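Comments concern the structure below.
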There are 2 protein chains.
Amino acid sequence: MIRTLYRPGQAELVDALRRPSATDRETDTAVREILDGVRDKGDSALRYYSEKFDGYLPLSLKVEESVIAEAAGSVPEELKEAINAAYKNIQTFHSAQLQKTNVVRTAEGVKCWSRNVGIERVGLYIPGGTAPLFSTVLMLAVPAQLAGCREIIMCTPPGKTGEINPLILYTASLAGVTTIYMAGGAQAIAAMAYGTESIPPVYKIFGPGNRYVTRAKELVQLDGVAIDMPAGPSEVMIIADETANPVFVAADLLSQAEHGADSQAIMLTDSKVMIELVQKETELQSAGMERNSIIRQSLEKSALILLDTIDDCLSVSNRYAPEHLILATADPYLHAAAVINAGSVFLGKYSSESTGDYITGPNHTLPTGGYARNYSGLSTSSFMKKIFFQEVTKQGVMNIGPATEMLATAEMLTGHSNAVSVRLKYITNEQNRSARKA
Amino acid sequence: MIRTLYRPGQAELVDALRRPSATDRETDTAVREILDGVRDKGDSALRYYSEKFDGYLPLSLKVEESVIAEAAGSVPEELKEAINAAYKNIQTFHSAQLQKTNVVRTAEGVKCWSRNVGIERVGLYIPGGTAPLFSTVLMLAVPAQLAGCREIIMCTPPGKTGEINPLILYTASLAGVTTIYMAGGAQAIAAMAYGTESIPPVYKIFGPGNRYVTRAKELVQLDGVAIDMPAGPSEVMIIADETANPVFVAADLLSQAEHGADSQAIMLTDSKVMIELVQKETELQSAGMERNSIIRQSLEKSALILLDTIDDCLSVSNRYAPEHLILATADPYLHAAAVINAGSVFLGKYSSESTGDYITGPNHTLPTGGYARNYSGLSTSSFMKKIFFQEVTKQGVMNIGPATEMLATAEMLTGHSNAVSVRLKYITNEQNRSARKA
């Protein structure tokens, strides 16, 4: 049964909101060994780890075009239509994120602008396991394609007989993934970071994974590879007032809880009755659920918490910085305006996290573990880098040159000052020459 | 004398463009020890390291308001005006980067948008040493202020007598820095990452530094603190055709070279004459320069390289991914369009890197060491995180609900499907009830 807290004290509250810890020294050691292995031994290390962890020894790591084409054929039409609907919405939302170049004239003769350019080669990681996360393929590949990344490679682990879920292959091909490799875990991250005989090194790695994968991503950063964001277990916070529907709230808590045993689902409310109703509903609905054993474990870290006011709920939420925040209140727009730390916010009782996970349009790759305080969910710009441009004309040098000389000299960088002085001198000489001619 | 290469082979070219390596095991060990020290012992560790590395034992780490006010009084009016001009241009350019909220309707009854919110508490690092980098204070604090960061703290090391350069204090106060602390090196990074008795922990750390500082920033990332970007020594690449002015090119190479002994300054050209002229000019201009000993060392890693065409120069530049790229060519706009990897690009012979370093407007905190392939220079958005919002109405659930159920079921996440099903069921019941009433 999910825990209830009625007007908890500060310490009790902090304790209830403590997230399950994700990393430990043991994970670190294991991951470092795998990273070194793949860096030194390339493909042969990948094969070794695949046999060890996935139970399959792949001869070729690259998934052949014919296999991908065959997969597409095996997806039922109705499901394809649903996937296409999700694809279209994700594309619509992520297209709107593309920024137009905006030329700014900061002084006469000084034009500045920036251009967003797709990162040339990116790597997407899609976990294996029981749930074939084809929705994540869309969430990573669609913005990568819109960003104009020239090469989009994807790694995903094979099943015990060497198969990859056809839905993963179908969506990858739909969303413009260039090449798919059969590789999973920390070893796949190492391959994309350092490159092997088969897998080219990428400049940025995206995608979710277990604690080995996420730690591997954090560690390869130290070798110059960019990553989407650090990650911990998934989580939801629901702020519900008395107008919320306890059936919906319970369903939303459970949909989060089924993600994994270390997921956390928290309801904050100013209504005592809501706590009782949601607790009962949670029991009722979870009883028949397929992933009930995962849900049981995850609910142990979860809680229904009564606070004095909805404002208190919002301030606790801003401190917790949830990955997902559902505002099941009478005035969700008012409350949304007060949110300063969250990954994705769902307004009103009809907005469930699960529609956001699949089909509303915004990315579902979001900062967990409190990282919403300093990181953003994925957007098209996550797959691009910004290049600055500036043009200073002759007139521009005359306008901003003297100030630059003064600033550079004050920083004791006389070489910087000289680069302007030689230009100013040249312009003066030129002016003198034309004056003499006239 | 700066090295010249005439139509080098591939291996020779790669060798000439190899960047001075920044990290080593020794740095790593030293930095880890400092990080642990500050995490465990707080302020007392900061004082210990300050005495050891800066030669000064600070009693209070916080720089008092009175000291800052006094500093402002000591800055000459003329220099204040130059600083204000830079401040204004940086503000103009970075204001233009603020994004308006754009509501996207991805399906009927489904509205999605995102809002950029300033990171609540950020930390700026400003190095000490010979050059008082007050320009970097502006480049960090102006966008932080525009982003709406509530607290902007700054660490900078004291001199041997406990003083901090008045220009640094003046610009910090001008640009809205909340609190200034006397702390430098890896220990300042540790303090901002973990917090001490005096210094509060921040969510993201920005700013340049020596190899200890940059490694410290990379390592605290593993503990969940975001950083602006990884960093190496500064560098410039100049692409010059026969129309370039060799006096300007040489001055630009030297202004880069004076940054530090490990800076790299490269000219690529399709004109043999240009190489000879620039080499001579470099000797001439550097002879009288104040930082000549640093320049000598840095020019050892630098080169003037003849290639067949300007297109070849551009392709080498895109592979090198320079922090600064100057296009001293007859048609810089054409060539700028071909740039895909660079930090900041300067178009035309009158555009010097040094005006960009101080006053044109775009940020001068840029990706070095080839990181322009996967990282952007700083912008206002670097000080913000994006929060997604979505509202699904009753009509929206009816539109996208059934597809969500299908997708969730295909991912074997039936709890996700259930969260939609309970809503669809409720809506149907409600409709039946009103039908009966009618």
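Rg then Dmax, both in Å and based on the Cα atoms of chain A: 26.6, 96.
Each copy carries a label point for residue A:51 at 7 Å from Cα along the beta-carbon vector; from one copy to the others these points are 6.0 nm apart, nearest first. The orientation-averaged projected area of the convex hull spanned by the Cα atoms of region B:103-164 comes to 5.8 nm².
The mean number of Cβ atoms from other chains found within 10 Å of a Cβ in peptide A:374-385 is 5, as a whole number.
Beyond 18 Å in Cα-Cα separation lie the following of the pairs A:204/B:301; A:100/A:385; A:111/B:349: A:204/B:301.
Put simply, the Cα atoms of region A:282-417 extend 76, 34, 27 Å along their principal axes, the longest span coming first.
Averaged over the residues of A:393-403, the number of partner chain Cβ atoms lying within 10 Å of the residue Cβ comes to 5.
Hey, got the average number of other protein chain Cβ atoms within 10 angstrom for residues in A:362-373?
Counting Cβ atoms of other protein chains within 10 Å of each residue's Cβ and averaging gives 3.
Please report the relative contact order for chain A, taking Cα pairs under 8 Å with a sequence separation of at least 6, and give it as a percent rounded to a whole number. Before the final figure, lay out each step's value.
Numbers: 847 pairs, mean separation 89.9, N = 438.
Once normalised by length, the contact order is 21 percent.
Two decimals, Cα atoms only, Kirkwood Rh: what is Rg/Rh over region B:393-437? Ratio of gyration radius to Kirkwood radius: 1.07. Summarising the overall dimensions of region A:245-355 from its C-alpha atoms, the Rg and Dmax are 13.3, 38 angstrom. Residue and distance for the chain B Cβ closest to the axis that moves B onto A, in whole Å, come to B:221, 3.
Size descriptors for region A:149-281 (Cα atoms only): Rg and Dmax, in that order, 19.9, 61 Å.
Highest first, please rank the peptides A:175-181, B:64-70, A:140-146, B:309-315 by the mean number of other Cβ atoms sitting within 10 Å of their residues.
On the way: A:175-181: 20.7, B:64-70: 12.4, A:140-146: 26.6, B:309-315: 17.7.
With the highest mean Cβ count within 10 Å placed first, the list reads A:140-146, A:175-181, B:309-315, B:64-70.
Here, the protein assembly as shown is characterised by an Rg to Rh ratio of 0.99, where Rg is the alpha-carbon radius of gyration and Rh the Kirkwood radius.
Divided by 2.2 N^0.38 Å, where N counts the residues, the Cα radius of gyration of region A:225-277 comes to 1.42.
Output needed for region A:28-118: three equivalent-ellipsoid semi-axes, defined as square roots of 5 times the C-alpha gyration tensor eigenvalues, in descending order, whole Å.
On the way: eigenvalues 350, 166, 30 Å².
Semi-axes from the Cα gyration tensor: 42, 29, 12 Å.
With contacts taken as Cα pairs under 8 Å at a separation of at least 6 residues, region B:393-437 carries a relative contact order of 36 percent.
Whole-Hz Karplus values for region B:272-288 come out as 5, 4, 4, 4, 5, 5, 5, 4, 4, 4, 4, 4, 4, 5, 6, 3, x Hz, taken residue by residue from phi with 6.51 cos²θ - 1.76 cosθ + 1.60 and θ = phi - 60°; glycine and proline positions read x. Copy-to-copy label distances for residue A:28, where each label lies 7 Å from Cα along Cα-to-Cβ, are 1.3 nm in order of increasing length.
Give me B:269, B:243 ranked fewest to most by other Cβ atoms within 10 Å of their Cβ, as a rough exposure proxy. Mind showing how you got there, number by number?
Working: B:269 25, B:243 13.
In increasing order of surrounding Cβ atoms, one gets B:243, B:269.
Normalised by the number of residues in region B:127-266, the mean separation of alpha-carbon contacts (under 8 Å, six or more apart) gives a relative contact order of 18 percent. Just tell me which lysines come within less than 20 Å, Cα to Cα, of residue A:41; anything on the same chain fewer than 8 places away is out. Here the lysines satisfying the reach criterion relative to residue A:41 are A:52, A:62, A:217. Roughly what percent of Cα-Cα pairs across region B:173-220 reach past 19 Å? That tail contains 23 percent of the Cα-Cα pairs.
Helical content of chain A, expressed as a calculated mean residue ellipticity at 222 nm, amounts to -14500 deg cm²/dmol (DSSP H runs of 4 or more residues, -39,500 (n - 2.57) each, divided by residue number, nearest 500).
Where a number appears in this text, it was derived from the coordinates with a stated rule and is not lab data. Keep in mind the model is a prediction, meaning the values are calculated, not measured. Ideal geometry is used to build each Cβ from the backbone, glycine not excepted, and the neighbour counts take in all protein chains shown.
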